[in-house]
Amino acid sequence: MKNYILKLSSMIAASALVIATSAAFAEQRDILKEVTDRGVIHIATASDVPPYSTLGANGELQGFDIDMGKMIAAELGVKPEFSIVDGPGRITALQTGKADIVIQDFTANFKRSQSVSFTDPYVVVGMVFFTLAKRTEIKTLDDLNKESMKIGFGRGGSQETLVPAAAPKASIVKFAGMADTMEALDSGRIDATAIDNIAAAGFYAGNPGKYKELPGRYSREDIAIGVPKGDFQWWLLINSWVRDFNLSGKNDALYKKWFNAERPKIFEVY
C-alpha cells in the first residue's frame with residue numbers, strides 16, 4: 001500500500017509539472033506576431049556613440065546600428081521605431097517589453113546573458129584607452145594606473161569590469177552616457193576614457209588631432225543584438241538575420257560605409 005501511495009504521488013507530481021510547464025509555454029510571448037500585428041519593430045539604441053548611432057544635423061538618428069535596424073524592419077515588412085536608452089536601460093528595455101531588440105554597441109557576456117539573450121556577433125572589438133592629445137605626460141596605461149588619475153565611462157558598460165582589471169589603482173568615474181563622458185574628458189574633469197576601438201575611431205575621425213589612443217587592447221568583445229528571453233523563435237529569427245548579414249557581404253558593405261575600413265574578421269585574435 002505504501003509503495004502504491006508513493007507511486008501515485010509521483011504520478012500526480014509529474015502530471016502537475018507537465019501542466020505547469022504547458023501553462024508556462026502558453027504564456028510565452030510571440031514577439032514576431034506582436035511586431036507583425038502592430039506593423040512596427042521597437043528598437044532600443046544610443047544617440048552618442050559615433051559611428052554606431054548618433055543624432056544627425058537634422059535631429060534624426062543615424063549610424064551603423066541604425067541602418068541595421070532599418071534593414072531588419074524592411075525584411076520583416078514593418079516600420080522601425082527607435083528609442084534612446086543608456087547603458088543599464090538596454091536590459092530594462094528588453095525585460096519590460098519597451099524594445100523588441102537592442103542594437104547599441106551591445107557586448108554579449110555571461111552576466112548579461114542571465115537577463116537577456118544575444119545573437120551571434122556582427123562585430124568583434126577590443127577595449128582601448130584614450131585621452132586628449134595635449135596630455136603629453138600620459139603615454140601608456142602605466143601612466144594612467146595611478147591613484148591621482150581618473151578614468152571615466154558610461155554606466156552599464158563592459159568597462160565597469162574591464163577598466164578596474166586593467167588599471168586597478170586609478171579612480172573610476174561613471175557617467176550617464178558617452179556624451180557626458182566626453183564632456184568630462186574635454187573639460188579635464190577626467191584624465192582618460194575607455195571604449196571599444198571602433199567607437200574610439202569614430203571620435204578620432206570627428207575630431208582630428210584632438211585625442212590620442214594609448215597602446216594596447218584590453219579585451220575581446222562580441223558586439224551582438226540583444227533580444228528578450230523567453231521567445232526562442234524570435235531569437236532564432238533575429239539570429240538567422242545576423243548570420244545572413246555576416247555571410248552575404250551586407251555587413252562588409254555597411255561597415256565600409258560607416259567606419260571607412262575593412263570589417264575585422266569575427267574570429268580574429270584581439
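With R₀ set to 25 Å, the beta-carbon distance separating Glu137 from Asn109 gives a calculated FRET efficiency near 0.15.
Assign one of three labels to the range 127-213, namely rounded, prolate or oblate, based on the Cα gyration tensor with a ≥ b ≥ c the square roots of its eigenvalues; rounded applies when a/c is under 1.5, prolate when it is not and a/b is larger than b/c, and oblate otherwise. It comes out rounded by the Cα gyration axes. Charge dipole of the range 127-213 (Cα centre as origin; +1 on each Lys and Arg Cβ, -1 on each Asp and Glu Cβ, all else neutral): 120 debye, rounded to the nearest 20. When peptides 53-63, 77-87 are ranked by their average number of other Cβ atoms within 10 Å per residue, the highest-first order is 77-87, 53-63.
The stretch between Lys33 and Lys174, if pulled fully straight at 0.36 nm per residue, gains 46.9 nm over its current Cα-Cα span.
What is the sum of charges around Ala179, taking Lys and Arg as +1, Asp and Glu as -1, for the other residues whose C-beta is under 15 Å from the C-beta of Ala179?
Net of charged neighbours comes to -3.
Label-to-label distance for Gln95 and Glu147 is 3.6 nm, based on points extended 7 Å past Cα in the beta-carbon direction. Report note on the peptides 215-224, 95-104: ranked by the mean count of other C-beta atoms within 10 Å, highest first, their order is 95-104, 215-224.
Positive contributions from Lys and Arg (+1) and negative ones from Asp and Glu (-1), summed over other residues with Cβ under 11 Å from the Cβ of Ala44, come out at -2.
Under the simplified labelling scheme, the Arg220-Ile266 pair shows an inter-label distance of 1.4 nm, with each label point 7 Å from Cα along Cα→Cβ. Between the entries (i) 7, 25, 33, 22, 10, 3, 0; (ii) 7, 32, 38, 19, 4, 0, 0; (iii) 6, 27, 30, 18, 9, 5, 3, 1, 0, the label attached to P(r) over Cα pairs in 10 Å bins from 0, in percent calculated for this structure is (iii). Residues considered: Pro168, Pro121, Pro228. Largest GNM mean-square fluctuation over the chain, using C-alpha springs under 10 Å, is found at Pro168. Here Lys33 is the anchor, and the lysines within straight C-alpha reach of less than 27 Å, apart from those fewer than 8 places off in the same chain, are Lys70, Lys79, Lys98, Lys229, Lys250.
Relative to the dominant Cα principal axis of the chain, helix 232-247 is inclined by about 40°.
Helix 2-27 against the longest principal axis of the chain: what's the angle in degrees, Cα atoms only, rounded to the nearest 10? Roughly 50 degrees, rounded to the nearest 10.
Out of Phe82, Ile198, Gln159, whose Cα points farthest toward the positive end of the dipole of the chain (charges: +1 Lys, Arg; -1 Asp, Glu; placed on Cβ)? Positive-most Cα among the choices belongs to Gln159. How much FRET efficiency would the formula 1/(1 + (r/R0)^6) give for Glu81 and Lys210, where r is the Cβ-Cβ distance and R0 is 25 Å, rounded to 0.05? After rounding to 0.05, the efficiency reads 0.15. Fully extending the segment from Lys229 to Ser248, taken as 0.36 nm per residue of separation minus the present Cα-Cα distance, adds 4.1 nm.
Counting only lysines at least 8 places from Lys212 when in the same chain, those with an alpha carbon closer than 17 Å to its own are Lys134, Lys139, Lys150.
Centre-to-centre separation between the Cα atoms of the range 145-217 and those of the range 54-91: 25 Å.
A short reminder: the numbers here are calculations on the coordinates, not readings from a lab. None of these values were measured; they are calculated from a predicted model. A quick note on method: Cβ atoms are made from the backbone with ideal geometry, for glycine too, and the neighbour counts reach across all protein chains shown.
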